[in-house]
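First the structure, in the form of structure tokens, and then the observations on it.
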Amino acid sequence: MIILRIITNAVIMGAEVVAVVALAAFAFYYPFIFAGVTAALAFVLGLRLEVARLRYELPFYFGGLVKRGAFLTALVGSFEAMFKGLLAGVAALFTFAGTNVDRRFWVAVLFAVCVYVGAAVLRLLSLRADALPMRWGYFRLAPPLGLLFSAGLALLAAAQILPAANVTGIGWDIIFNTPAEPSVEQVSELFFQLKQAFDEFIVKALSVLVGEEWARLIGVVVSVNVLSGFVTAVYAALIAATVRRSEDTLL
């Protein structure tokens, strides 16, 4: 019986790793479809979760309004879910679409690491504190995973695995290499380079005030790359919820 539990647990853990790798491959090979699926998932999941949160939250502020504000609750929850869905879809598109294959590969690897870490944290919280993976992941996990993703990109850039931002090169590409009607891939690649250049500018500017080490730390926090946490959190929550449901059913 113990051996069967060990084997079953190993199969669940292996399936989790396969799911994370498959997700990263999906984002790498089909960035446009991935962005659409991400937006749809964030909206569908958020539609239920946002409305449920508001039903619990409104009495804290407005007493008995929740009984008379069912329509308002649904309307506000739908709007918030739609906004987060659009944000997640746009973040996914500009993160994974592009023309630099090497850059997209390393971004996909980092994404897989962040999703796995997020799913592991949610599973631990579920076991130790009876946290609900979908709710905690959707509402609380995006900022820390966004910071993790931003820090990972900063490390890859510092290790010269990702190409360093070059303002002169970006300007040259915009003027001479970008067509009048650029493709989404070209816009995404240019946007990624601009993000890197902006992050590096923030670091250089802050280095004068607080030193390079603190400046790089602040640069990670204020980077646009943090928005990718909205993408990572959705899939980490889904995987963690599936793993916990599998463990409850099979173990």
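The values are calculated or read from the model by the stated rules, or taken from the named source; none is laboratory data. Please read all numbers here as calculations on a predicted model, not as lab measurements. Because the Cβ atoms are built from the backbone with ideal geometry, glycine has one as well, and the counts that use them run over all protein chains shown. Ligands, DNA and RNA are excluded from the accessible area calculation, which covers all protein heavy atoms including side chains. Shrake-Rupley method; radii C 1.70, N 1.55, O 1.52, S 1.80 Å.
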Net lengthening on full extension, S207/V101 (0.36 nm per residue, minus Cα-Cα): 35.0 nm
Directionally averaged shadow of the range 1-113, computed from the convex hull of its alpha-carbon atoms, nm²: 10.6 nm²
Using a Förster distance of 25 Å, the FRET efficiency for A129-I7 (Cβ separation, nearest 0.05): 0.35
Rounded Å value of the spacing that divides the Cα centres of the range 1-37 and the range 197-237: 29 Å
Using a Förster distance of 25 Å, the FRET efficiency for I218-I161 (Cβ separation, nearest 0.05): 0.65
With all protein chains modelled, accessible area of D199 [1.4 Å, Å²]: 30 Å²
The chain - Debye-derived log10 I(q)/I(0), Cα point model, q = 0.09 Å⁻¹: -0.48
Crossing angle, helix 31-62 versus the chain [Cα axis fit, 0-90 degrees, rounded to tens]: 50 degrees
Solvent-accessible area of T8 with every protein chain in place, 1.4 Å probe, in Å² to the nearest 10: 30 Å²
In degrees, nearest ten, helix 184-210 long axis to first principal axis of the chain (Cα): 80 degrees
Pair Y61, I33: separation of 7 Å Cα→Cβ label points (nm): 4.1 nm
Chain lengthening between M82 and F26 when straightened (0.36 nm per residue, less Cα-Cα): 17.8 nm
Spin-label pair L194/A15, simplified geometry with 7 Å Cα→Cβ offset, distance in nm: 4.4 nm
Surface share of carbon and sulfur [accessible, 1.4 angstrom probe, percent] for the chain: 72 percent
Tilt relative to the chain, helix 2-29 - C-alpha long axis, 0 to 90 degrees, to 10: 40 degrees
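Over the range 1-250, give the accessible area per residue in Å² for a 1.4 Å probe, as an integer. Present the calculation step by step, with values, prior to reporting the outcome.
Details: 14310 Å² over 250 residues.
Using a 1.4 Å probe on heavy atoms only, each residue of the range 1-250 averages 57 Å².
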